[in-house]
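Asker: One structure coming up, written as structure tokens, with questions to follow.
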Amino acid sequence: MTTTDLFLEKNNISSTSNQNPILDFYKDSTILVTGGTGFVGKVLINKLLTAMKVKKIFMLIRVKDNLNAKERLQAFFKESIFKNIQNDSPELIDRVHPIHADYCAPDLAISSQDQQLIIDEVEIVFNVVASVKFNEKLADAIDINVLGTNKIINLTMKIVNLKSFLHISTLYCNCDRSNIKETVYEPEIGYEKIIQLYRILDNETLEKFSHCLIGKMPNTYTMTKKCSENLVNHKAFYLPAGIFRPPIVMSTYKDPFPGWTDNVYGPSGLCVWSARGVVRCIWGKADESANMVPADYCVNAILSCAWDCYERHEQRLHENVEIPVYNYIFEKNNLTWGQYMNMSRENYIEPFEKPFWCFTYTIITSKIMFKTVSFFLHNIPGYLMDGLCLLTGQKRIYTKAYNKISRIIDMMSWFGTKKWKFTNGNIEELDKKLLPNDRAVLEFHLKTVDWREYFKYYLSGIRKYFFKEAELTDKMLKKRRQFYQKLVFLHKFLKTSAGFILIWYMVKIYIKVFNIIPKISI
């Protein structure tokens, strides 16, 4: 019995087919997933296997670390997210078939035999693969995000029984605009010209022109994702296709268990550095929306959108409208940056090993003020620690580390200091279409997320699943908490002392000024 069956039975929900059209859509289907070894891909593969009763999953996998596709798949299923499958239903792993692919090669370097399997058997395609580094070299970002997508579409167009093709983009691919609708915007330089320049210029020359090609976009990631959307909208117009734009995807809320993640990208990295006491001030706006979603909710929305593309297809072609775009964002229950940091600190109950300082931070709006405060709270401690390392004969790493952190904070501030208005009519309409059985398995509306419950597992999950720390015994946890409390006491003592010293000097200045200025008699 699958996870879905157990859930429906436990909640006395009927499994009649007309009550669960989305679940029926996936039942006994064959899926193709690109980027399945990434963060969102892992959650997607887990969900397809445990809840959707799929027949087969083809995964395009690149050679990496001298491991071929088959070897990487074996390592893939040893990840902590799949422990329930490993323990309870190991036979589900046999439904996943690795296919060697090289996104830099013509036709993805997929063997003719594997290509034929995809063409004959696949019904649903999830294009999740992407180069997600903000500071990726332009040539590499184009290679994966634009040319890679182009090759996937070319392969998808050959599929005989295609039901749905969903391209995973990003909510920020049009972040040069303040109002972002559920439509594909034409970039200043079209994808055809970008591809042409990529083919004509060598990597070094292309990099020199990167600032011109990026234009008003903040980085190569958002710029190339915008181009790939444009490409999908043009080439996949006659396919049952759609574009899904997720915001910042965080660790899981409930499925398969709370707090799972395999990375500390973006805000998670800043939060972890703050929890360790390395980062003490952040450049951003505390009251602006952070636009975050749990990974399991994001995957539920992806699965629902793929079905919706299939449902809309015939009418869309009849009306000759562009492929649907889904801005996966809700105004209700959308965290602000201040709430994100506050709830992270409030639920920091399992301290990291060997913290630099206690979890304390300030979010600063002004760039000048941030640079000033950062110098005292980041740069000076870095110099002092490196001086201590020099005296004790250890490697000096702190100044270099803080310079790197400063660059990351500057890069993140582009998103943390701005406000966007998103249209989300398609995602709201899709939410209304969910029937009880489907909603029980595929809930994705943020109004149902209890963020306080979520953050109970947030930093603990990062410690456990990303840093792979062993389960803390009561003795170890008590020891860490005692050490952490000493840091908190020291922080409060220094903060209070600094406050008294500042007040004392202000009083002295006040007295001196009023000793000089003659009193005015009334």
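Asker: Read through the list (1) open to solvent by less than 70 Å² (accessible area, probe 1.4 Å); (2) out of contact with any Phe, Trp or Tyr (no Cβ under 7 Å at 6 or more places or on another chain), then give the number of the only condition that I81 fails.
Answerer: Going through the list (1) open to solvent by less than 70 Å² (accessible area, probe 1.4 Å); (2) out of contact with any Phe, Trp or Tyr (no Cβ under 7 Å at 6 or more places or on another chain), I81 breaks only (2).
Asker: With a cut-off of at least 2 residues that are over 25 Å from N230 (Cβ atoms), name the strands (runs of 3 or more DSSP E) lying wholly within segment 248-361. Let's see the steps before the verdict.
Answerer: On the way: elements: 248-250, 281-283, 292-294, 325-327.
Ranges flagged: 281-283, 292-294.
Asker: Moving on. From N18, N12, which residue is loosely packed, with under 15 Cβ neighbours inside 10 Å, at pLDDT below 95 and farther than 25 Å from V122 by Cα?
Answerer: That would be N12, the only listed residue that is loosely packed, with under 15 Cβ neighbours inside 10 Å, at pLDDT below 95 and farther than 25 Å from V122 by Cα.
Asker: I'd like the full set of residues that are closer than 18 Å to V373 by Cα, open to solvent by less than 40 Å² (accessible area, probe 1.4 Å) and either out of contact with any strand residue (DSSP E or B) (no Cβ under 7 Å at 6 or more places or on another chain) or without any contact (Cβ under 8 Å) to a residue 60 or more places away in the chain (or both), limited to segment 396-415.
Answerer: Of everything in segment 396-415, those that are closer than 18 Å to V373 by Cα, open to solvent by less than 40 Å² (accessible area, probe 1.4 Å) and either out of contact with any strand residue (DSSP E or B) (no Cβ under 7 Å at 6 or more places or on another chain) or without any contact (Cβ under 8 Å) to a residue 60 or more places away in the chain (or both) turn out to be T399, Y402, I405, S406, M412.
Asker: For residues that are touching a residue at least 24 places away in the same chain (Cβ under 8 Å) and closer than 30 Å to I243 by Cα, scanning just segment 449-460, find the one that is surrounded by the most Cβ atoms within 10 Å (Cβ to Cβ).
Answerer: Y458
Asker: Report yes if some residue within segment 73-87 is in a loop (DSSP other than H, G, I, E, B), without any contact (Cβ under 8 Å) to a residue 24 or more places away in the chain, among the charged types (D, E, K, R) and more than 25 Å from I142 (Cα to Cα); otherwise report no.
Answerer: yes
Asker: I'd like to verify a number: residues in segment 156-192 that are among the aromatic types (F, W, Y) and closer than 19 Å to I302 by Cβ, how many?
Answerer: 2
To keep it simple, each residue is scored yes or no on (1) out of contact with any Phe, Trp or Tyr (no Cβ under 7 Å at 6 or more places or on another chain); (2) part of a helix (DSSP H, G or I); (3) among the charged types (D, E, K, R); (4) open to solvent by less than 60 Å² (accessible area, probe 1.4 Å).
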residue: I368; (1), (2), (3), (4): yes, yes, no, no
residue: L391; (1), (2), (3), (4): yes, yes, no, no
residue: Q394; (1), (2), (3), (4): yes, no, no, no
residue: F444; (1), (2), (3), (4): no, no, no, yes
residue: I462; (1), (2), (3), (4): yes, yes, no, yes
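Asker: Those residues that are closer than 23 Å to G266 by Cβ and either surrounded by fewer than 12 Cβ atoms within 10 Å (Cβ to Cβ) or of a type in the set (A, V, I, L, M, F, W, C) (or both), I need them from segment 370-389; list them, please.
Answerer: Answer for segment 370-389, where residues must be closer than 23 Å to G266 by Cβ and either surrounded by fewer than 12 Cβ atoms within 10 Å (Cβ to Cβ) or of a type in the set (A, V, I, L, M, F, W, C) (or both): F370, V373, L377.
Asker: Further question on the same structure: If you take just the helices (runs of 4 or more DSSP H) that sit entirely in segment 171-243, which of them hold at least 2 residues that are touching a Cys at 6+ places or on another chain (Cβ under 6 Å), of a type outside the set (G, A, S) and crowded, with 20+ Cβ neighbours inside 10 Å?
Answerer: Result: 191-200, 220-235.
Asker: Cβ-Cβ below 6 Å, separation at least six or inter-chain, first residue in segment 364-386 and over 21 Å from A498 (Cα atoms), second open to solvent by 70 Å² or more (accessible area, probe 1.4 Å) and of a type in the set (S, T, N, Q): which pairs?
Answerer: Qualifying pairs under 6 Å: none.
Asker: Any idea which residue in segment 464-504 is modelled with the highest pLDDT, counting only those that are open to solvent by less than 100 Å² (accessible area, probe 1.4 Å) and either in a loop (DSSP other than H, G, I, E, B) or of a type in the set (D, E) (or both)?
Answerer: F467
Asker: For residues that are modelled with pLDDT under 95 and within 11 Å of E123 (Cα to Cα), tally how many sit in segment 145-160.
Answerer: So the count comes out to 0.
Asker: Then there's this: Name the residue that is most open to solvent (accessible area, probe 1.4 Å), counting only residues in segment 345-356 that are at pLDDT below 90 and not aromatic (F, W, Y).
Answerer: Within segment 345-356, the match that is most open to solvent (accessible area, probe 1.4 Å) is K354.
Asker: Tell me the residue from M385, M411 that is within 17 Å of the chain's Cα centre (by Cα) and of a type in the set (A, V, I, L, M, F, W, C), please.
Answerer: Answer to the check: M411.
Asker: I'd like to verify a number: residues in segment 306-324 that are among the β-branched types (V, I, T) and buried (at least 20 other Cβ atoms within 10 Å of the Cβ), how many? Steps first, answer last, please.
Answerer: If we filter segment 306-324 for residues that are among the β-branched types (V, I, T), which is where we start, we get 321, 323.
Those left that are additionally buried (at least 20 other Cβ atoms within 10 Å of the Cβ): 323.
The total comes to 1.
Asker: Applying the selection to segment 118-138, what residues are outside any loop (DSSP other than H, G, I, E, B), surrounded by 18 or more Cβ atoms within 10 Å (Cβ to Cβ) and of a type outside the set (D, E)?
Answerer: Residues satisfying the conditions are I118, I124, V125, F126, N127, L138.
Asker: Name, by its number, the condition in (1) open to solvent by 30 Å² or more (accessible area, probe 1.4 Å); (2) over 20 Å from E453 (Cβ atoms); (3) not charged (D, E, K, R) that does not hold for Q339.
Answerer: Unmet for Q339, out of (1) open to solvent by 30 Å² or more (accessible area, probe 1.4 Å); (2) over 20 Å from E453 (Cβ atoms); (3) not charged (D, E, K, R): (2).
Asker: For segment 357-366, how many residues meet the condition of being surrounded by 16 or more Cβ atoms within 10 Å (Cβ to Cβ) and within 16 Å of S413 (Cβ to Cβ)? If you could, list the steps in order and put the result at the bottom.
Answerer: First, the residues of segment 357-366 that are surrounded by 16 or more Cβ atoms within 10 Å (Cβ to Cβ): 357-361, 363-364.
Next cut, within 16 Å of S413 (Cβ to Cβ) only: 361, 363-364.
Residues that pass the stated criteria total 3.
Asker: Return the residues of segment 492-514 that are of a type in the set (K, R) and under 24 Å from R280 (Cβ atoms); say none if nothing qualifies.
Answerer: K492, K495
The values are calculated or read from the model by the stated rules, or taken from the named source; none is laboratory data. Keep in mind the model is a prediction, meaning the values are calculated, not measured. Neighbour counts run over all protein chains shown; Cβ positions are idealised from the backbone, glycine included. Note: accessible area is taken over every heavy atom of the protein model, side chains too, but ligands, DNA and RNA are not part of it. Shrake-Rupley method; radii C 1.70, N 1.55, O 1.52, S 1.80 Å.
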